[in-house]
């Protein structure tokens, strides 16, 4: 039996930035919203509702670098040794990086990430509003698939790894699109309950929206020393 759908939508223009929002509630509890620039926090892994946020900036250039020093200083909570992939390392899709990972203050350890694909999707992949219309057609989803391994044997169950998609050269995509839970073409997963021992692994996928061109890079930034100097995979 088909479930009833509920929809709310809004389109506004602020400072040259286009913002739109829509919410769809169906049997899988999928919701889509779009806002004009601020990133919203992700839902807890155990929640069944899925949320997406998107915004497109048609004409901004790449972000300005931070004025803070680039040597990392004492900001890293975890040591980097010969077995860990150094910040700034450039890899190809299919290559493996071993990195420190911090999900919360109490959930951190060492993981290995292998990006297995960066694929361009279609706006039609994304859920529709109840009136049959699509999310802003200028935003194209791209799918970054990867595997995650528990290298250090730390208790990392229910943690979540997300990679940042970028244009060639690390340029911003000019859009924000987050679909918690993913779509059929790209299912986003949290670490399973068994992800608390060395050698455990799982597969996941990050959806990156772009309003400026094709996503060809995936960046890992989920540890202090990597925030401004990420590990980068390229197609």
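The values are calculated or read from the model by the stated rules, or taken from the named source; none is laboratory data. These numbers were taken from a predicted model, which means no experiment stands behind them. Note: ideal-geometry Cβ built from the backbone for every residue, glycine included; neighbour counts use all protein chains shown.
Does residue 77 count as surrounded by fewer than 20 Cβ atoms within 10 Å (Cβ to Cβ), touching a strand residue (DSSP E or B) at 6+ places or on another chain (Cβ under 9 Å) and modelled with pLDDT under 95? Yes: the conditions hold for residue 77.
The set of residues in the range 105-132 that are free of Cβ contacts under 8 Å to residues at least 40 places away in the same chain and out of contact with any strand residue (DSSP E or B) (no Cβ under 8 Å at 6 or more places or on another chain) comprises 105, 106, 124, 132. Does residue 204 qualify as being under 14 Å from residue 159 (Cβ atoms), buried (at least 21 other Cβ atoms within 10 Å of the Cβ), without any contact (Cβ under 8 Å) to a residue 60 or more places away in the chain and out of contact with any helix residue (DSSP H, G or I) (no Cβ under 7 Å at 6 or more places or on another chain)? Considered against the rule, which asks whether it is under 14 Å from residue 159 (Cβ atoms), buried (at least 21 other Cβ atoms within 10 Å of the Cβ), without any contact (Cβ under 8 Å) to a residue 60 or more places away in the chain and out of contact with any helix residue (DSSP H, G or I) (no Cβ under 7 Å at 6 or more places or on another chain), residue 204 comes out as yes.
With a cut-off of at least 1 residues that are in contact with a strand residue (DSSP E or B) (Cβ under 6 Å, 6 or more places away or on another chain) and closer than 19 Å to residue 98 by Cβ, name the strands (runs of 3 or more DSSP E) lying wholly within the range 142-235. Steps first, please.
On the way: elements: 164-166, 175-177, 201-210, 217-220, 231-234.
Counting at least 1 such residues, we get 164-166, 201-210, 217-220, 231-234.
Yes/no matrix, rows are residues, columns are (1) buried (at least 22 other Cβ atoms within 10 Å of the Cβ); (2) modelled with pLDDT under 95; (3) on the phi < 0 side of the Ramachandran plot:
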position: 133; (1), (2), (3): no, yes, yes
position: 139; (1), (2), (3): yes, yes, yes
position: 148; (1), (2), (3): yes, no, yes
position: 158; (1), (2), (3): no, no, no
position: 167; (1), (2), (3): no, no, yes
position: 171; (1), (2), (3): no, no, yes
position: 179; (1), (2), (3): yes, yes, yes
position: 183; (1), (2), (3): no, yes, yes
position: 192; (1), (2), (3): no, no, yes
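If you filter the range 217-235 down to residues that are surrounded by fewer than 19 Cβ atoms within 10 Å (Cβ to Cβ) and farther than 19 Å from residue 84 by Cβ, you find that the one that is modelled with the lowest pLDDT is 235.
What number of residues within the range 110-130 satisfy the criterion of being surrounded by 20 or more Cβ atoms within 10 Å (Cβ to Cβ) and either modelled with pLDDT under 95 or in a loop (DSSP other than H, G, I, E, B) (or both)? Reasoning before the result, please.
Of all residues in the range 110-130, those surrounded by 20 or more Cβ atoms within 10 Å (Cβ to Cβ) come to 110-111, 113, 115, 118, 126.
Subsequent filtering for residues that are either modelled with pLDDT under 95 or in a loop (DSSP other than H, G, I, E, B) (or both) retains 126.
The number of residues fulfilling the criteria is 1.
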